[in-house]
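The values are calculated or read from the model by the stated rules, or taken from the named source; none is laboratory data. Fair warning: this is a prediction, and the values are worked out from it, not measured in the lab. Methodologically, a virtual Cβ is constructed for each residue, glycine included, from the backbone with ideal geometry; neighbour enumeration extends over all protein chains shown.
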Amino acid sequence: MLSHLGETTVPIALEPENRARLGAVSTATLTTVLYKRGLRNTYMQNVGRINPSAPNMVGEAFTLRYIPAREDIDHLGVYEDWEHPQRKAVESMPAGQVLVIDSRGDARSASAGDILITRLMKRGAAGVVTDGGFRDSGELASLDFPVYHQKPSAPTSPIHHHAVDLNRPIGCGGVAVYPGDLLVGDTEGVVVIPAEIANEVAAEAHAQTRYEDFVLEKVNEGRSIFGIYPAREEARAEFEQWLEARRADP
């Protein structure tokens with residue numbers, strides 16, 4: 001991960017325990033934790049997972065940016081250039097990261113298709129996200145790999161998209177994404193966590209999820225939400241006893 005402080009970048013390591021925690025908490029919980037820190041615009045709009053049975057997604061952002069295509073320079077021959085940003089992203093992105101594509105919310109032509117996305121999966125990517133569309137969506141729906149987009153799009157990319165650069169700040173689904181930010185996706189959608197607070201957000205979201213598990217159990221038993229959601233002091237004490245009982249279970 002990279003922390004973005006002005007024009008400088010400071011490496012920050014996401015602790016393995018916190019990476020696992022992010023994969024086990026919901027995007028709903030994460031948006032609440034981020035909101036408590038003053039961050040309101042963290043959930044990508046009109047971006048959903050193609051393959052509902054795929055695992056949740058956690059990984060640092062590796063960004064690709066598209067601008068509108070221009071007919072005299074955007075044609076199928078551009079893919080013969082091994083430096084083409086789309087192709088270069090697929091073959092150079094580090095394992096464990098998420099390819100995040102700024103398609104300007106334009107799904108009139110595909111941001112990528114099943115061959116490129118399968119290659120990303122085989123290279124160890126953590127997932128792929130666009131606010132545009134992917135082609136071959138039927139094939140993508142069968143992959144055990146998290147793939148997020150706006151809607152299916154059959155036309156080839158250069159009809160409407162011109163790939164310009166890699167690993168620069170972008171917008172995707174109406175959210176700012178900086179290279180190295182943490183992308184977390186579940187069945188609801190995708191949340192962007194600024195790199196410099198990812199460890200503390202993961203720890204707090206894990207703790208909040210445990211408390212909400214306790215609340216849901218009590219609600220299923222017929223308990224009122226008053227006094228436990230949000231928690232009063234008595235509920236916090238009861239929760240600690242609940243946690244301790246589960247730690248003692250073999």
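Couple of notes before you dig in:
- Just one of (1) surrounded by fewer than 16 Cβ atoms within 10 Å (Cβ to Cβ); (2) within 18 Å of PRO68 (Cα to Cα); (3) in contact with a Pro (Cβ under 7 Å, 6 or more places away or on another chain) fails for PRO169. It is (3).
Matching residues to (1) touching a strand residue (DSSP E or B) at 6+ places or on another chain (Cβ under 8 Å); (2) aliphatic (A, V, I, L, M):
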| site | (1), (2) |
| --- | --- |
| ALA28 | no, yes |
| LEU34 | yes, yes |
| GLY48 | yes, no |
| ARG70 | yes, no |
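- Residues in region 125-158 that are under 20 Å from ASN46 (Cβ atoms), aliphatic (A, V, I, L, M) and either surrounded by 15 or more Cβ atoms within 10 Å (Cβ to Cβ) or touching a helix residue (DSSP H, G or I) at 6+ places or on another chain (Cβ under 6 Å) (or both): VAL128, VAL129, LEU140, ALA141, VAL147.
- Output for region 23-40, where each listed residue is assigned to a loop (DSSP other than H, G, I, E, B), of a type in the set (D, E, K, R) and within 15 Å of ALA207 (Cβ to Cβ): ARG37
- Selected residue (only one of ALA112, ALA95 is in contact with a Leu (Cβ under 9 Å, 6 or more places away or on another chain) and in a loop (DSSP other than H, G, I, E, B)): ALA112
- Breaking point among (1) over 19 Å from GLY59 (Cβ atoms); (2) of a type in the set (Lys, Arg); (3) touching a residue at least 60 places away in the same chain (Cβ under 8 Å), for ARG87: (3)
- Qualifying residue in region 53-74 (condition: surrounded by fewer than 16 Cβ atoms within 10 Å (Cβ to Cβ), in a loop (DSSP other than H, G, I, E, B) and touching a Ser or Thr at 6+ places or on another chain (Cβ under 8 Å)): no
- Residues in region 9-44 that are more than 15 Å from GLN208 (Cβ to Cβ) and aliphatic (A, V, I, L, M): VAL10, ILE12, ALA13, LEU14, ALA20, LEU39, MET44.
- Hey, ASP144 farther than 25 Å from GLY171 by Cβ, assigned by TED's automatic domain parsing to the domain that holds CYS172 and modelled with pLDDT of 95 or more or not: yes
Rundown of residues vs (1) under 21 Å from ASP165 (Cβ atoms); (2) of a type in the set (S, T, N, Q); (3) more than 17 Å from the chain's Cα centre (by Cα), yes/no style:
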position: ARG65; (1), (2), (3): yes, no, no
position: ARG87; (1), (2), (3): yes, no, yes
position: ILE101; (1), (2), (3): yes, no, no
position: ILE115; (1), (2), (3): no, no, yes
position: PHE145; (1), (2), (3): no, no, no
